[in-house]
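The values are calculated or read from the model by the stated rules, or taken from the named source; none is laboratory data. The model shown is predicted, which means the values in this text are computed figures rather than measured ones. So basically every Cβ, Gly included, is an ideal-geometry build from the backbone, and we count neighbours across all protein chains shown.
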Amino acid sequence: MSTTLPVGMAGSVRGRLGALVLFAAAMGWLEGVVVVYIRGLFGMGHGAPIPPPGDVVERFAQMPWLLPTEQGREVATIVMLAAVAWLGATTARARFGAFLVIFGVWDVVYYIALYAMLRWPPSLMTTDVLFLIPPGPWWNQPVWVPVAISTVMILIGLRLFRARRPGPWK
């Protein structure tokens, strides 16, 4: 396999990483905007606290079309992150690293966006519904949990993305 980048992939590792992070940050902000809209659909005003996770599920039940719509959006988001990671690197290791980095940045920026737009979460101890695929109680965690996991994902992803030695995932 060639180690040169195809046309369009040229540029430094730092430049490609910068583009990936920029994309992830924009996606994270967009995710925050979507939640602002969903809160509006639920009748929750600006700055209102998010109800307990069980109440969120009940509100989704009141609009049966919304849960599958939101689940479809979650799948589409993961596909977009994976596709951009694939385009941002040439080896399986670097692509997986790119995915970890952009997933982590996306998730952290999502919480930054929510705080900037809604002043939510008021604390890293605030419980959030992390994902709706599959729906379940294990996705209800304090905000510090996904932020910590995302930070670890970014650190591991950077090592994999920047690794220069060939490895088992070449």
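For this structure, a couple of remarks:
- Met80 vs. criteria surrounded by fewer than 19 Cβ atoms within 10 Å (Cβ to Cβ), touching a residue at least 40 places away in the same chain (Cβ under 8 Å) and in contact with a helix residue (DSSP H, G or I) (Cβ under 6 Å, 6 or more places away or on another chain): no
- Of the listed requirements (1) out of contact with any Pro (no Cβ under 9 Å at 6 or more places or on another chain); (2) buried (at least 18 other Cβ atoms within 10 Å of the Cβ); (3) of a type outside the set (Ser, Thr, Tyr); (4) in a loop (DSSP other than H, G, I, E, B), Gly104 misses just one: (4).
- Among the candidates Val36, Val57, Val21, residue that is surrounded by 12 or more Cβ atoms within 10 Å (Cβ to Cβ), out of contact with any Ser or Thr (no Cβ under 9 Å at 6 or more places or on another chain), within 19 Å of Tyr115 (Cα to Cα) and among the hydrophobic types (A, V, I, L, M, F, W, C): Val36
- Filtering the stretch 72-101 to residues that are not in a helix (DSSP H, G or I) and not hydroxyl-bearing (Ser, Thr, Tyr) leaves Gly88, Ala89.
- The listed residue being over 22 Å from Ile154 (Cβ atoms), surrounded by 12 or more Cβ atoms within 10 Å (Cβ to Cβ) and out of contact with any Pro (no Cβ under 9 Å at 6 or more places or on another chain), out of Glu70, Glu31: Glu70
- Scanning the stretch 9-18 for residues that are without any contact (Cβ under 8 Å) to a residue 12 or more places away in the chain and either under 18 Å from Ala113 (Cβ atoms) or touching a Leu at 6+ places or on another chain (Cβ under 9 Å) (or both) yields one hit, Gly11.
- Those residues of the stretch 107-125 which are of a type in the set (A, V, I, L, M) and part of a helix (DSSP H, G or I), in sequence order: Val108, Val109, Ile112, Ala113, Leu114, Ala116, Met117, Leu118
- Pick from the stretch 39-49, criterion surrounded by fewer than 14 Cβ atoms within 10 Å (Cβ to Cβ) and among the aliphatic types (A, V, I, L, M), ranking: modelled with the highest pLDDT: Leu41
- Contacts under 7 angstrom Cβ, first residue in the stretch 129-144 being within 13 Å of Gln71 (Cα to Cα), partner hydrophobic (A, V, I, L, M, F, W, C) and at pLDDT 80 or above, 6 or more apart: Leu132/Leu67; Ile133/Val75
- Condition met for Thr69 (part of a helix (DSSP H, G or I) and within 22 Å of Gly18 (Cβ to Cβ)): no
- Single residue of the stretch 135-170 satisfying the filter (in a helix (DSSP H, G or I) and of a type in the set (D, E, K, R)) that is modelled with the lowest pLDDT: Arg162
- Looking across the stretch 1-18 at every residue that is modelled with pLDDT under 90 and assigned to a helix (DSSP H, G or I), the one that is surrounded by the fewest Cβ atoms within 10 Å (Cβ to Cβ) is identified as Arg14.
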